[in-house]
Amino acid sequence: MKRSGILHAELSALVAALGHGDTLVIGDAGLPVPPGVRCIDLAVTPGVPRFQQVVDAVLSELVVERGLANLEQLEAAPAAAQALQAAWPPEVPLERVPHPELKAASAAARAVVRTGETTPYCNLVLVAGVPF
């Protein structure tokens, strides 16, 4: 058994298998998963786990080259937007895009990680980088 980090076996294996340029989506409970895209469903009950908890866990293990987040989150859920910005690595670009664009980008993802988050527009596309 792992001592720390991501303990969910499927999510841990996926993060380890991502290559440069691969994308991973972390979404709220309502984000649709495109046909053919793997879904790692972590949702237990509404609000469990929270979007930011999953983002923090993934950012602790994944080298991220850039990210895409919902533009609408800035107005609809400012506290969630502030929490994401506070946790975001300052050297990594985070682009805010309209929700339809984020959903379109999720179609090319290796997987969508579904959280129990019920705050609107808590969705994030992570583009894997390399540590060198």
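Laboratory data are not the source of any read-out in this text; all were calculated from the coordinates shown. What you see is a predicted model, and the numbers here were worked out from it, not measured in a lab. Because the Cβ atoms are built from the backbone with ideal geometry, glycine has one as well, and the counts that use them run over all protein chains shown.
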List pairs: first in the range 28-44 and closer than 16 Å to residue 15 by Cβ, second surrounded by fewer than 19 Cβ atoms within 10 Å (Cβ to Cβ) and of a type outside the set (A, V, I, L, M, F, W, C), Cβ under 7 Å, 6+ apart or cross-chain? 38/110; 40/10; 42/8; 42/49
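For the range 90-125, which positions are among the acidic types (Asp, Glu) and buried (at least 21 other Cβ atoms within 10 Å of the Cβ)?
Of everything in the range 90-125, just one residue is among the acidic types (Asp, Glu) and buried (at least 21 other Cβ atoms within 10 Å of the Cβ), namely 117.
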Elements of type helices (runs of 4 or more DSSP H) in the range 1-95, at least 3 residues being touching a helix residue (DSSP H, G or I) at 6+ places or on another chain (Cβ under 9 Å) and farther than 23 Å from residue 110 by Cα: 73-76, 78-87
Report yes if some residue within the range 99-107 is over 23 Å from residue 18 (Cα atoms) and outside any loop (DSSP other than H, G, I, E, B); otherwise report no. yes
